[in-house]
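To start, the structure under review is shown below, and the notes come after it.
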Protein chains: 4
Amino acid sequence: MTLLDNLHIELPSWAFGNSGTRFKVFGTPGTPRDVREKIADAAQVHRLTGLAPTVALHIPWDRVDDYTALSDYAQDLGVRLGTINSNTFQDDDFKFGSLTHSDKTIRQKAIDHHLDCIEVMNQTGSRDLKVWLADGTNYPGQGDIRARQDRLAESLATIYQHIGPDQRLVLEYKFFEPAMYMTDVPDWGTSYAHVSALGERAMVCLDTGHHAPGTNIEFIVAQLLRLAKLGSFDFNSRFYADDDLIVGAADPFQLFRIMFEVVRGGALDSDSPVAFMLDQCHNVEEKIPGQIRSVMNVEEMAARALLIDTEALRAAQDDGDVLGANAILMDAFYTDVRPALARRRAERGLPEDPLAAFRASGYQARIAAERVGGTQSSWGA
Amino acid sequence: MTLLDNLHIELPSWAFGNSGTRFKVFGTPGTPRDVREKIADAAQVHRLTGLAPTVALHIPWDRVDDYTALSDYAQDLGVRLGTINSNTFQDDDFKFGSLTHSDKTIRQKAIDHHLDCIEVMNQTGSRDLKVWLADGTNYPGQGDIRARQDRLAESLATIYQHIGPDQRLVLEYKFFEPAMYMTDVPDWGTSYAHVSALGERAMVCLDTGHHAPGTNIEFIVAQLLRLAKLGSFDFNSRFYADDDLIVGAADPFQLFRIMFEVVRGGALDSDSPVAFMLDQCHNVEEKIPGQIRSVMNVEEMAARALLIDTEALRAAQDDGDVLGANAILMDAFYTDVRPALARRRAERGLPEDPLAAFRASGYQARIAAERVGGTQSSWGA
Amino acid sequence: MTLLDNLHIELPSWAFGNSGTRFKVFGTPGTPRDVREKIADAAQVHRLTGLAPTVALHIPWDRVDDYTALSDYAQDLGVRLGTINSNTFQDDDFKFGSLTHSDKTIRQKAIDHHLDCIEVMNQTGSRDLKVWLADGTNYPGQGDIRARQDRLAESLATIYQHIGPDQRLVLEYKFFEPAMYMTDVPDWGTSYAHVSALGERAMVCLDTGHHAPGTNIEFIVAQLLRLAKLGSFDFNSRFYADDDLIVGAADPFQLFRIMFEVVRGGALDSDSPVAFMLDQCHNVEEKIPGQIRSVMNVEEMAARALLIDTEALRAAQDDGDVLGANAILMDAFYTDVRPALARRRAERGLPEDPLAAFRASGYQARIAAERVGGTQSSWGA
Amino acid sequence: MTLLDNLHIELPSWAFGNSGTRFKVFGTPGTPRDVREKIADAAQVHRLTGLAPTVALHIPWDRVDDYTALSDYAQDLGVRLGTINSNTFQDDDFKFGSLTHSDKTIRQKAIDHHLDCIEVMNQTGSRDLKVWLADGTNYPGQGDIRARQDRLAESLATIYQHIGPDQRLVLEYKFFEPAMYMTDVPDWGTSYAHVSALGERAMVCLDTGHHAPGTNIEFIVAQLLRLAKLGSFDFNSRFYADDDLIVGAADPFQLFRIMFEVVRGGALDSDSPVAFMLDQCHNVEEKIPGQIRSVMNVEEMAARALLIDTEALRAAQDDGDVLGANAILMDAFYTDVRPALARRRAERGLPEDPLAAFRASGYQARIAAERVGGTQSSWGA
């Protein structure tokens, strides 16, 4: 299980803010009002689990004047700044598209936003620019599918020219939402075609909630690792649409199968280019414990995946022993790794039960008392 | 086609306000600031199409002090107030449920809200109280599925006791959203079981966007008409989730098949208890023309459905002539009824092309100029 | 865990025959040639697991001249004959429907087949007549949806009149397949409406593979138990369509949630009317071990569900403690019950590891050697 | 509409044989017993529609000793032999895979089968070798996803070396079935990655029934045309799974949108590399009329797509006029092109109503009378 030492899970700053549905966003006491408070909350998760050393930022939600100071602030709390996420879905100009817009001026505005993000990366020392494009159309005919692809390719190429030698562009795909008829980057094939055209430092981002019903996600993981184009994961889980629930909550067996392909494909090796990140919303549950639970879920399923007897598995597979091969997988899945992981934490100076430790810490009560006034962070700001 | 004379489509007041996704709500010039402006816009749709004589209200979004005055206002504009829609999804108390909540006090609060709605109905002369329940849970274990059903039954029974002899309770079902693991009224079977237990004046509301992928909606229409429990339609269309697109926009052939079962089951007869209503969002398209297009889509598909040669169809069906029976349906679907409907409008003193007439009317420019200041209506208020 | 003593899982005779897809049915050495050999194989599963005391028959596949003799044969092997399954999908007359057919003569033929099945039940002492209706249409217009429902109701009523006082009719629903446009009993609501109209001895059969993508099956379990209309389960699992894979293989967490609602709703109580049955196909895996694995999966998930601390769960639910309530569920799911179940088997005189015991028994080699010549059983005969 | 002259639709020989579901294959009088009778039936479709000049063969179902003679026979009937389809799903050796099998000997056998197919192509003068791979697994762990991809790549490369300079390999993808957990070529991305690695004469085959629920197929069409990798279409339609219904029957608007992207992307241009083919099953409807209806559906939707005012559409798109742009599309879709197409047929010496002409021809009665004895063709042989 030494590969488990290579597991680092990036936390999204926005997971600590309020989120919800188009029907309602519920607020909770103690919700951060700014990026520093988000980072402080994220640092709690790392302090208790040892698994989450970096925090992803979302621009403009997390925009500050001095990123060096922000970076120092994070390091004082024991974490580092990570991936920079762009946002081209909340400006009125982007109502009908951003990098794909038919108007060159608006495309340039969207490109410029990404160049701004790269500038932030230069200051924060971030490696990855993550592009999740909300572009798409709601009605057949509303946009020219083909022309939008061509414009997207051109826009991405322009952005890519500014990606530094130690930086990467990761392009996320999403089946639907917010666009309801056509999404400009709807599947891994589209993302793969674009990043292949861009070059070596362009990779695909796989969000586990962004697929059609029934999609075999671990297959895509295996395929992208084979093609050397899996750049990062956005972990979460779903029952229906992009529910953004706690990773592993909806289908823990699926998470296990994904982690098995992660191991199989070398994504937990020390030289792996794959970034593991959460992208979840805690609409009705507590946020910090929600993130703790999430990183523990990934750790637990990675630990189970690492238990698989790969030699016996290969033998059963080569033998056409369907039940035997499946049983080897299931045996690892059904093994309760929680006691072993608790001991592992203790050995590393971490609390055996991070959630209990968080509850005992009084942190939640403290921030609820301190963070009074101001505007709670949410996707709006 | 005389049955077409029985087609009346209720407009939702909220379709004229701003709407969007959890990512962004775009505003547009001229968007109503209050319920009167919404009704004024709705009246335009009726004036131009002759199809939309009533407007549904949403409480509390459309709450006023004097409903008699509001009713008079509407009638002066040529329309009437229709269905009253309750809302138990935006109060912080309802975060974990309303009519299903484990806390009796909160359940009572939700019940009281519905009694308030019935009081509004008494003043507006509305027939239908529509209950769409956002209740549900996001995580397995979060709620007790069975106990929530029992509490729901009890709450509905209490509300139903206050439904007047000429009033009805219509219970809408929805597959998912905003709840992501379990919805308390997820399917027509659940709604049917509840309204059957309540009594004769309780009916099911079928929203065409609220089903699992692949669901044969016209089957449900036929079944509920057979069981005499179809109370109303919420028309819209979808590609993925509850997209709330213009009815007929995503799959016009499906709308045609639905309208065929509507005719087949007597829902267009003069004594039909079925209310036809839109429930759409115009997130990126113009709102008033969007509603005009919608009622015309329903009218066009009803007209096509009425073209079906039902005697020939039955003969082909009884004959096992699969292609022949299907061809009879398709022939009606492919027949271009638009010229005939244009003539029909002209005969009734309506513009042949309602959309062109709207554009020519200058109404949009007028409201854009007049409706300055204030807060544009949206789901939030 | 004493409720576990009430868990009995019926095996389908056809699971021991060959099955496949429309593309290919693969045969395997030792496959039964007749119903006696199927029962012999089923008896092995019960001998090793103590969980599967009955075998369901499919008429006409398992038709014999002397059911009393067959029953005696089964009892000699330690098992009993169970549910009788009708078949109205392989006779050329039923190409366009059976109980729903527009031709009264063909409907009567289908009714008569069910009366024959009841006669078999009278001889075998079976309680349940299970009706899975393959009726449906492939193209819009091919059949009259409404008229077919009315004919179905009439046919079922005629059959129901012959159901004895200690017998039951259980009506299965299925989302699609073999019909591709419209299935006459597509959902639990339709089955519920029909069995409610029939009477007390008519119940719904829930096949876990027969739902639309994303359907919350445990909700339906809870609802049908609440309505006292859940008659039986057909257990299997699926990734895409009606895959008929080993129960628990595709989504063990879903099976756990279903078993939790089973317990919650009293379906494991000693007086429960719910019959638990497998309905699976072992297209590429070994059949007898496939059935052993299946009954063990149900047992394991029932055992995990019985571990749930229901008092703590209710407290967390009432408290709005989303993560806490979910954690109570997950804790039970992640607990490895296999060692305890192995001990339980040993205490009952059963092998601790039924699969290993089967392999050690030499049974498979014996039947492979003995069952030479003749025609292997499959769905065709 | 001159582009319509470029529309040629290849017919699959197997569409004229019997087909069905895993539950039942119904036979019909007059069903071909061999490939010559299939070609004779296909020639009827072309004679009456002028749209279907070629017939695809399936090896080994359509294997003959003398392909030159078969080719001559076809030409005497006015048609030519087209795409050669391989089959690696019915040999017992391929139970656990063919081109992906872990056993090199079996992989070689599968490769050799494709080399045999290329030899057939050399004799028939066919351009395309179509590879639809049924390979996949039913249970997690059964196979090594990654290793299977690597072996697939190697096998395809070997086959591709034998593809002549005027020949092509087209690789079809399919979401699921017959495999139920993992399909080795499940999506266009996988097919694209493989054919890109092979070379210029390797292309993707898009079967309109092989996608996850909700997939925007016209997007994939547009994308593959943009990437110059769309080799051919397998047309059919679906409500649920791979229903293989008549193209356009389930969602005519979707077929229209697909044909619009076909036109938009140049796939109807005279130098287009895209082959249009049907791949349907007529399980319950008449087969020859089913094929006639199908080619007419493609023709009708192509004609509608060609009516779109592309200049006005682009203007509306650039204007952000969502409703206007959509209306331009819908106007073309709702225009009844059938009279114009009937006239076009008459001008070309074809019957105005091909289906009526077929019924009047007496062909069906003749083959029913003549084709007595022997074994009707089906997927089995």
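The values are calculated or read from the model by the stated rules, or taken from the named source; none is laboratory data. Since the model is a prediction, treat every value here as computed from it, not as a measurement. Cβ: placed from backbone, ideal geometry, glycine included. Neighbour counts: every protein chain shown.
Is it the case that segment B:269-276 has a residue that's over 16 Å from C:Asp144 (Cα atoms), touching a helix residue (DSSP H, G or I) at 6+ places or on another chain (Cβ under 6 Å) and in a helix (DSSP H, G or I)? Don't jump to the end; show me each part of the working.
Looking only at segment B:269-276, we keep the residues that are over 16 Å from C:Asp144 (Cα atoms), and these are B:269-276.
Right, trim to touching a helix residue (DSSP H, G or I) at 6+ places or on another chain (Cβ under 6 Å) and you get B:270.
Pick out the ones that are also in a helix (DSSP H, G or I) and you get none.
The answer is no; no qualifying residue exists.
Within segment C:210-219, is there a residue that is among the hydrophobic types (A, V, I, L, M, F, W, C), within 10 Å of another protein chain (Cβ to nearest Cβ) and crowded, with 22+ Cβ neighbours inside 10 Å? Please lay out each step first, then the result.
Within segment C:210-219, the subset among the hydrophobic types (A, V, I, L, M, F, W, C) is C:212, C:217, C:219.
Next cut, within 10 Å of another protein chain (Cβ to nearest Cβ) only: C:212, C:219.
Those still in the list that are crowded, with 22+ Cβ neighbours inside 10 Å too: C:219.
Checked against the condition, which is being among the hydrophobic types (A, V, I, L, M, F, W, C), within 10 Å of another protein chain (Cβ to nearest Cβ) and crowded, with 22+ Cβ neighbours inside 10 Å, segment C:210-219 yields at least one hit.
Only one residue in C:Phe253, C:Phe260 is over 16 Å from the mean Cα position of the chain (by Cα), in a helix (DSSP H, G or I) and crowded, with 24+ Cβ neighbours inside 10 Å. Which one? Spell out how you get there, then give the answer.
Details: C:Phe253 fails: crowded, with 24+ Cβ neighbours inside 10 Å.
Within the list C:Phe253, C:Phe260, the selection yields C:Phe260.
Under 9 Å between Cβ atoms, which residue pairs at least 6 apart in sequence (or on different chains) link something in segment C:3-26 that is without any contact (Cβ under 8 Å) to a residue 60 or more places away in the chain and away from every other protein chain (no Cβ under 14 Å) with a partner that is among the charged types (D, E, K, R) and assigned to a loop (DSSP other than H, G, I, E, B)?
C:Ser13/C:Asp62
If you take the residues of segment B:8-62 that are hydroxyl-bearing (Ser, Thr, Tyr) and under 26 Å from A:Thr21 (Cβ atoms), which of them is farthest from the chain's Cα centre (by Cα)?
Step one: list which residues in segment B:8-62 are hydroxyl-bearing (Ser, Thr, Tyr), which gives B:13, B:19, B:21, B:28, B:31, B:49, B:54.
Okay, now just the ones that are also under 26 Å from A:Thr21 (Cβ atoms), so B:13, B:19, B:21, B:28, B:31.
Numbers: B:Ser13: 11, B:Ser19: 16, B:Thr21: 19, B:Thr28: 23, B:Thr31: 21 Å.
Among those that are hydroxyl-bearing (Ser, Thr, Tyr) and under 26 Å from A:Thr21 (Cβ atoms), it is B:Thr28.
Go through segment B:39-96 and report how many residues are closer than 17 Å to B:Ser294 by Cβ, in a strand (DSSP E or B) and not β-branched (Val, Ile, Thr).
2
What are the residues in segment D:92-120 that are farther than 30 Å from D:Ala43 by Cβ and free of Cβ contacts under 8 Å to residues at least 12 places away in the same chain, if any?
Pass one, segment D:92-120, residues farther than 30 Å from D:Ala43 by Cβ: D:92-112.
Once the filter is applied, which keeps residues that are farther than 30 Å from D:Ala43 by Cβ and free of Cβ contacts under 8 Å to residues at least 12 places away in the same chain, segment D:92-120 yields D:Asp92, D:Lys95, D:Asp103, D:Lys104, D:Thr105, D:Gln108, D:Asp112.
Restricting segment A:246-286 to residues that are facing another protein chain (nearest Cβ under 10 Å) and charged (D, E, K, R), which is nearest to D:Tyr181 (Cα to Cα)?
Looking at the filtered set, the residue picked out is A:Arg257.
Take the residues of segment D:1-38 that are out of contact with any Gly (no Cβ under 6 Å at 6 or more places or on another chain), part of a strand (DSSP E or B) and not β-branched (Val, Ile, Thr): which is farthest from D:Arg80 (Cα to Cα)?
Among those residues, the one meeting the criterion is D:Gly20.
For (1) within 14 Å of chain B (Cβ to nearest Cβ); (2) over 30 Å from B:Gly266 (Cα atoms), each residue gets a yes or a no:
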| residue | (1), (2) |
| --- | --- |
| C:Gly136 | yes, no |
| C:Ala157 | no, no |
| C:Val170 | no, yes |
| C:Met182 | yes, no |
| C:Pro186 | yes, no |
| C:Val204 | yes, no |
| C:Leu225 | yes, yes |
| C:Asn236 | no, yes |
| C:Phe239 | no, yes |
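Does C:Ala342 qualify as being surrounded by 23 or more Cβ atoms within 10 Å (Cβ to Cβ), more than 14 Å from chain B (Cβ to nearest Cβ) and at pLDDT 95 or above?
no
So how many residues does segment B:216-242 have that are in a loop (DSSP other than H, G, I, E, B) and either of a type in the set (Lys, Arg) or within 14 Å of the chain's Cα centre (by Cα) (or both)?
The initial filter retains those residues of segment B:216-242 that are in a loop (DSSP other than H, G, I, E, B), namely B:216, B:227-229, B:236, B:238-242.
If we keep only those that are either of a type in the set (Lys, Arg) or within 14 Å of the chain's Cα centre (by Cα) (or both) too, we end up with B:229, B:236, B:238, B:242.
Residues in segment B:216-242 being in a loop (DSSP other than H, G, I, E, B) and either of a type in the set (Lys, Arg) or within 14 Å of the chain's Cα centre (by Cα) (or both): 4 in total.
Would you be able to tell me the number of residues in segment D:307-325 that are under 12 Å from A:Asp144 (Cβ atoms) and at the interface with chain B (Cβ under 10 Å from one of its Cβ atoms)?
So the count comes out to 1.
Given the condition more than 14 Å from chain C (Cβ to nearest Cβ) and without any contact (Cβ under 8 Å) to a residue 40 or more places away in the chain, answer yes or no: does some residue in segment B:295-306 qualify?
Just the residues of segment B:295-306 that are more than 14 Å from chain C (Cβ to nearest Cβ), to begin with: B:295-300, B:302-303, B:306.
Restricting the remaining residues to those that are without any contact (Cβ under 8 Å) to a residue 40 or more places away in the chain gives none.
Checked against the condition, which is being more than 14 Å from chain C (Cβ to nearest Cβ) and without any contact (Cβ under 8 Å) to a residue 40 or more places away in the chain, segment B:295-306 yields no hits at all.
Considering only residues that are part of a strand (DSSP E or B) and over 30 Å from A:Thr124 (Cα atoms), which ones fall in segment A:163-192?
Listed by number, the residues that qualify are A:Met182, A:Thr183.
Output the residues belonging to segment B:95-138 that are of a type in the set (Lys, Arg) and touching a strand residue (DSSP E or B) at 6+ places or on another chain (Cβ under 7 Å).
Start the filter on segment B:95-138 by keeping residues that are of a type in the set (Lys, Arg), which leaves B:95, B:104, B:107, B:109, B:127, B:130.
Result: B:Arg127, B:Lys130.
Just give me the residues in segment A:304-320 being crowded, with 19+ Cβ neighbours inside 10 Å and over 26 Å from the mean Cα position of the chain (by Cα), in sequence order.
A:Leu313, A:Ala316, A:Gln317
Looking for whichever is crowded, with 24+ Cβ neighbours inside 10 Å, more than 22 Å from the chain's Cα centre (by Cα) and within 30 Å of B:Arg257 (Cα to Cα) here; the options are C:Ile145, C:Ile106. Which one fits? It would help to see each step written out before you state the result.
Values: C:Ile106 fails: crowded, with 24+ Cβ neighbours inside 10 Å.
That would be C:Ile145, the only listed residue that is crowded, with 24+ Cβ neighbours inside 10 Å, more than 22 Å from the chain's Cα centre (by Cα) and within 30 Å of B:Arg257 (Cα to Cα).
Would segment A:276-288 turn up any residue that is within 30 Å of D:Gly97 (Cα to Cα) and in the same structural domain as A:Phe176 (by the TED database)? Walk me through it before giving the result.
Of segment A:276-288, the ones within 30 Å of D:Gly97 (Cα to Cα) are none.
No, every residue in segment A:276-288 fails to be within 30 Å of D:Gly97 (Cα to Cα) and in the same structural domain as A:Phe176 (by the TED database).
List pairs: first residue in segment D:56-68 and of a type in the set (S, T, N, Q), second residue in a helix (DSSP H, G or I) anywhere in the structure, Cβ distance under 7 angstrom, at least six positions apart or on different chains.
Pairs that qualify, where the first residue is of a type in the set (S, T, N, Q) and the partner is in a helix (DSSP H, G or I), are D:Thr68/D:Gln123.
With the checklist (1) crowded, with 18+ Cβ neighbours inside 10 Å; (2) away from chain D (no Cβ under 14 Å); (3) closer than 28 Å to B:Asp244 by Cβ in hand, flag the one item A:Asp91 doesn't pass.
(1)
Which of the following residues is buried (at least 17 other Cβ atoms within 10 Å of the Cβ), on the phi < 0 side of the Ramachandran plot and among the charged types (D, E, K, R): A:Arg33, A:Arg22, A:Arg63?
That would be A:Arg22, the only listed residue that is buried (at least 17 other Cβ atoms within 10 Å of the Cβ), on the phi < 0 side of the Ramachandran plot and among the charged types (D, E, K, R).
Taking the condition in contact with a Lys or Arg (Cβ under 9 Å, 6 or more places away or on another chain), closer than 22 Å to A:Leu133 by Cα, buried (at least 19 other Cβ atoms within 10 Å of the Cβ) and not hydroxyl-bearing (Ser, Thr, Tyr), does A:Ala15 pass? Quick ask: steps written out before the conclusion?
Values: in contact with a Lys or Arg (Cβ under 9 Å, 6 or more places away or on another chain): yes; closer than 22 Å to A:Leu133 by Cα: yes; buried (at least 19 other Cβ atoms within 10 Å of the Cβ): yes; not hydroxyl-bearing (Ser, Thr, Tyr): yes.
Yes, satisfied.
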